[in-house]
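*Asks:* Structure in structure tokens, see below.
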Amino acid sequence: KHKKWVGLLVPKAVDEFRCALRSGHSTIAQLLLQFIINLGNYGVIGLAGVVDFLQDVLALSDGLRPAKGGDLGIFLMLSSLPFLSAASHANIDEKVNAMISKADAYLNSREARWKPLLRILKSEEIPDRLEALAGAVRSMKQTGWNSQSVLHVPGFEPNLQGGSSFSELAALGVSADEIRKNKIRFHVPLVSSRFLTCHAEVDGADDHLADHDRWVLENYILMTIEMFGRDVDECAKHILSIPVMHSQFEIIVVETVFSQMLRLPSPPSLPLFYSRLLEAMMDKQNSTKAIVEHCYRTLIDRAPDMDDECLEVLAEAHAYHLMHNGYQMDWKPFTGDRVAVQAQRFVRRVFERLQRLSFHQNLLHRLPEAVHVYVPCEPIAASSLPVQAKPEFQKMISLVRIKEPDYQQVLQYCRGLLKNDPQNAFCQGDTIDEKLEVEGVIEDEMQEGVELNKCDHGPPLKRPRVHERELLTDVDKSPTCIEGISENITARIDASELDGAGVDGTITKAQVKQEYGHESFSGHLTAETCRTQDARSREDFRLNQSDHSNVADVSGEPWTLGTVVEVLTCALLQNGAKTPTHMSKILDGHQQVFAHLCPKSDEEKYAFSTAIVRCVFAFWIMSSQRLEITIDCMLHREIVTPRAVVEYALAERGPQGCDSMAVRNVINNIAKKSLERSQSVRAELAIAKKLGKTEELEECRRQLDTAIHETADLFTVIFTGLVRNHQDFEDTDTLLRHIMLQRILTIGRKYHMFIKPLIDTAESRIPGVAHNPDIAAIFHSLSTM
């Protein structure tokens, strides 16, 4: 039984290696190749077969450029050589040297012009991991293939033919042409930045880790993060358990984790993961706390030299760190009169994210008073917009509601405003059947009212609540239900129903006393009083609506669609401002109003959508998080268009301006959703092609063409807005002008593989690029990726 299992082990490992190659899982392929190499070290399989297998792996790069997957074979072959024992190298030294020479020839012809785009610190010139690996192999060769980071089990000797109980190592069976056809891409990142250890090397310290040992240690850390990334505690435990005994072990671990967190064009995991990983390591090994704090301070001091995208990620991670550390840190770099502009921008970013994790009053309580100037304003909704002072806004507030919404009422009122006749928005347009239907709804709602005292004429009757009486008057309902009630019947109103005032129409006891003309109101009303006051309420409603009409009639012209949309949008935002769930529900109940009011032509539809976006930005001017959530909700319901959101966001110059976190996140979310749609269509196309469904295949192709065109148009709008901002800030704000350049670089770098045709033709397709040398240089460098 065991002999049979052992005989199947090597073929299964080779099969798994092939699958990892074809699926593009380079880390799994690297681990499996190391396993096969060690089988050769211990004499399980012959070294001759191992060399042939490595040559097949090296051949995966034949004729391929780095952008087409050419780095994959070279990287896998070179990364396995440090794990060959010194005895194994002695037996196959000539063939190993031949493979190293072939790899060097490839690297000499390889132009990695994209490396400056991936630097965390702009002034730091560091190689990528493939170039560093070639140097590590040469360094290890000079030491006789001995290493502190690679351990070999003693007592085993390799041989050229291998053991008899194992089958021979089969050929790889994967060619470079297959790598090209499958579009397997292998992007080599830069090596970990030397944030802390660079000072020791400059000072001439001789206790630093050798180049080949450092590369192997970093490789251990990266593979551990990828393989155990689903469990932070387990990942931290395995990293700290790596068997490398060196005085700089903890420093290199912290540097590697920070470099992965700040990796460009985007880290493999979210910043929250790396922040949690650092916190877990500090909890498990107390000596790492000072190193992590020192690394944060070093990076903050070098903020002016840091890539803008890395600075944003660092701010997010530092916010998590402050919460975990009890809001304690050295605040001296952010206090005083000579704080650098980049430092101020960084600490504002940190506090804005910290406020999302905590709340405003807690920040003021926990943070030192000297840094309160950087704390963002309390995230509340706007309450003093000009539209909120209009009488029609108050009426709209009473119509839009979360529970049992009636979008037809709202739509009718909006159309009445467009016709400059709001007082007849409900009376003249309603048919008798619609009125009866409204009366039926009112009778159902009256079941929740306050119970009247029993009388001799029948069962207990109920009096509608205050907002229900207002609805009765809104539809001009006659008080026939009261006329049949005897005058000696009294109504007892529950005091709890009348306490407090709110948006939903409830009123206070004092208002009830004033309404019914009884200063000594005791809670009892006669039927005659009810009839009198109901008639008075209807008359007040008529006069009130007449007053509203007079307000609208001042200009003698109907309301514009933009003004009506402004009133409608702000009313929806105010009634849904309590929580994102409230906002989602109120939009669900009234999105049909926007659909009916939306014009048909593209330009008018764009203006309509821009008016809505303008209201959202104005309403949530103090809360970037609610602004992002609301915009996302409206995009999901197709109330606004991506183009309108992007153009208005980039043109905004207020607190939520083009450099705000909200604008960055909104634009990134829109870009991601557009690309996700393209990818989903591609997946459907592949399925239809595989199943041979001709009709669905043609439809998927049309959808894919449309999606690609929409994505290109969207990114053209984004780049055009950023270029325009760069030009607008030429004489006003040098920092923002530099930030706009960084934003162009960030977006082009992050989504390069999806928008490469646009990047290559940027000078002809994006206005302003051809006439600006700095922007043209960025697009030229992006085209080299």
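The values are calculated or read from the model by the stated rules, or taken from the named source; none is laboratory data. Not measured: the values here are computed from a predicted model. As a convention, Cβ positions derive from the backbone with ideal geometry for all residues, glycine included, and neighbour counts pool all protein chains shown. Please note that ligands, DNA and RNA were not included when accessible areas were found on the heavy atoms of the full protein model with its side chains. Shrake-Rupley method; radii C 1.70, N 1.55, O 1.52, S 1.80 Å.
*Asks:* From Glu16, Glu94, which residue is farther than 27 Å from Thr224 by Cα and part of a helix (DSSP H, G or I)?
*Replies:* Going through Glu16, Glu94 in turn, the sole match is Glu94.
*Asks:* Moving on to the next point. I want to confirm something. Restricting to region 747-781 and keeping residues that are open to solvent by 10 Å² or more (accessible area, probe 1.4 Å) and of a type in the set (Val, Ile, Thr), which single residue is farthest from Val717 (Cα to Cα)?
*Replies:* Only one residue fits best here, namely Ile778.
*Asks:* Then there is this: Among the candidates Glu684, Glu695, Glu676, which residue alone is acidic (Asp, Glu), surrounded by 15 or more Cβ atoms within 10 Å (Cβ to Cβ) and without any contact (Cβ under 8 Å) to a residue 60 or more places away in the chain?
*Replies:* Values: Glu695 fails: surrounded by 15 or more Cβ atoms within 10 Å (Cβ to Cβ); Glu676 fails: surrounded by 15 or more Cβ atoms within 10 Å (Cβ to Cβ).
Within the list Glu684, Glu695, Glu676, the selection yields Glu684.
*Asks:* Something else: Taking into account only those residues within region 214-260 that are small (Gly, Ala, Ser) and under 29 Å from the mean Cα position of the chain (by Cα), which is farthest from Leu31 (Cα to Cα)? Please lay out each step first, then the result.
*Replies:* Going residue by residue through region 214-260, those that are small (Gly, Ala, Ser) are 229, 236, 241, 247, 259.
When the remaining residues are screened for being under 29 Å from the mean Cα position of the chain (by Cα), the result is 229, 236, 259.
Numbers: Gly229: 16, Ala236: 20, Ser259: 22 Å.
Per the stated criteria, the residue is Ser259.
*Asks:* Condition first: open to solvent by less than 10 Å² (accessible area, probe 1.4 Å) and at pLDDT 90 or above. Can you find one or more residues in region 106-117 that meet it?
*Replies:* Quick first cut of region 106-117, residues open to solvent by less than 10 Å² (accessible area, probe 1.4 Å) only: none.
Looking for residues that are open to solvent by less than 10 Å² (accessible area, probe 1.4 Å) and at pLDDT 90 or above, one finds none in region 106-117, hence no.
*Asks:* Report, by residue number, each residue of region 755-785 that is under 14 Å from Trp114 (Cβ atoms) and not in a helix (DSSP H, G or I).
*Replies:* Ser783, Thr784, Met785
*Asks:* While we're looking at this one, here's another question. Being over 27 Å from Pro66 (Cβ atoms) and acidic (Asp, Glu) narrows it down to one residue among Glu684, Glu763; which is it? Can you show your working first?
*Replies:* Details: Glu763 fails: over 27 Å from Pro66 (Cβ atoms).
Answer to the selection: Glu684.
*Asks:* Among the residues of region 564-609, write down those that are out of contact with any Cys (no Cβ under 7 Å at 6 or more places or on another chain) and small (Gly, Ala, Ser).
*Replies:* Hits for region 564-609 are Ala571, Gly576, Ala577, Gly589, Ala595, Ser601, Ala607, Ser609.
*Asks:* Shifting gears a bit: Consider only pairs whose beta carbons are under 7 Å apart and that are at least six residues apart or on different chains; among these, list those whose first residue lies in region 91-108 and is over 15 Å from Leu54 (Cα atoms) and whose second residue is hydroxyl-bearing (Ser, Thr, Tyr).
*Replies:* Tyr106/Ser61
*Asks:* Would you pick out the residues in region 7-64 that are of a type in the set (Val, Ile, Thr) and open to solvent by less than 10 Å² (accessible area, probe 1.4 Å)?
*Replies:* Residues of region 7-64 that are of a type in the set (Val, Ile, Thr), as a first pass: 10, 14, 27-28, 36-37, 44-45, 50-51, 57.
Result: Val10, Val14, Ile36, Ile37, Ile45, Val50, Val51, Val57.
*Asks:* For region 377-393, how many residues are free of Cβ contacts under 8 Å to residues at least 60 places away in the same chain and more than 16 Å from Ala577 (Cβ to Cβ)? I'd like the intermediate steps shown before the answer.
*Replies:* As a first pass, look at region 377-393 and keep what is free of Cβ contacts under 8 Å to residues at least 60 places away in the same chain: 383-384, 386, 389.
Now restrict to residues that are more than 16 Å from Ala577 (Cβ to Cβ): 386, 389.
Counting residues in region 377-393 that are free of Cβ contacts under 8 Å to residues at least 60 places away in the same chain and more than 16 Å from Ala577 (Cβ to Cβ) gives 2.
*Asks:* Would you check if there is a residue in region 622-630 being surrounded by fewer than 17 Cβ atoms within 10 Å (Cβ to Cβ), acidic (Asp, Glu) and closer than 26 Å to Arg724 by Cα?
*Replies:* No: zero hits.
*Asks:* While we're looking at this one, here's another question. What's the total number of residues in region 642-673 that are open to solvent by 40 Å² or more (accessible area, probe 1.4 Å) and closer than 21 Å to Ala607 by Cβ? Quick ask: steps written out before the conclusion?
*Replies:* Pass one, region 642-673, residues open to solvent by 40 Å² or more (accessible area, probe 1.4 Å): 642-643, 647-648, 651, 653, 655, 665, 669, 672-673.
Remaining after also requiring closer than 21 Å to Ala607 by Cβ: 642-643, 647-648, 651, 653.
Total meeting the criteria: 6.
*Asks:* Run Ser275 past the list (1) polar (S, T, N, Q); (2) surrounded by fewer than 19 Cβ atoms within 10 Å (Cβ to Cβ); (3) touching a Phe, Trp or Tyr at 6+ places or on another chain (Cβ under 9 Å); (4) farther than 24 Å from Asp211 by Cα and report the number of the one that doesn't hold.
*Replies:* Tallying (1) polar (S, T, N, Q); (2) surrounded by fewer than 19 Cβ atoms within 10 Å (Cβ to Cβ); (3) touching a Phe, Trp or Tyr at 6+ places or on another chain (Cβ under 9 Å); (4) farther than 24 Å from Asp211 by Cα, Ser275 fails exactly one: (2).
*Asks:* Looking at the structure I just gave you, is Phe715 open to solvent by 80 Å² or more (accessible area, probe 1.4 Å), touching a residue at least 24 places away in the same chain (Cβ under 8 Å) and under 24 Å from Pro642 (Cα atoms)? Steps first, please.
*Replies:* Numbers: open to solvent by 80 Å² or more (accessible area, probe 1.4 Å): no; touching a residue at least 24 places away in the same chain (Cβ under 8 Å): yes; under 24 Å from Pro642 (Cα atoms): yes.
So Phe715 fails the test.
*Asks:* Just checking, which of Ser259, Ser193 is modelled with pLDDT of 90 or more, farther than 30 Å from Asp56 by Cα and part of a loop (DSSP other than H, G, I, E, B)?
*Replies:* Values: Ser259 fails: part of a loop (DSSP other than H, G, I, E, B).
Ser193 is the lone residue from the list that is modelled with pLDDT of 90 or more, farther than 30 Å from Asp56 by Cα and part of a loop (DSSP other than H, G, I, E, B).
*Asks:* Let me ask something else about it. If you check His199 against the conditions, is it surrounded by fewer than 17 Cβ atoms within 10 Å (Cβ to Cβ), at pLDDT below 95, part of a helix (DSSP H, G or I) and more than 32 Å from the chain's Cα centre (by Cα)?
*Replies:* yes
*Asks:* If a residue counts only when it is open to solvent by 70 Å² or more (accessible area, probe 1.4 Å), which helices (runs of 4 or more DSSP H) contained entirely in region 322-416 have at least 2 such residues?
*Replies:* Here the list reads 341-357, 360-366.
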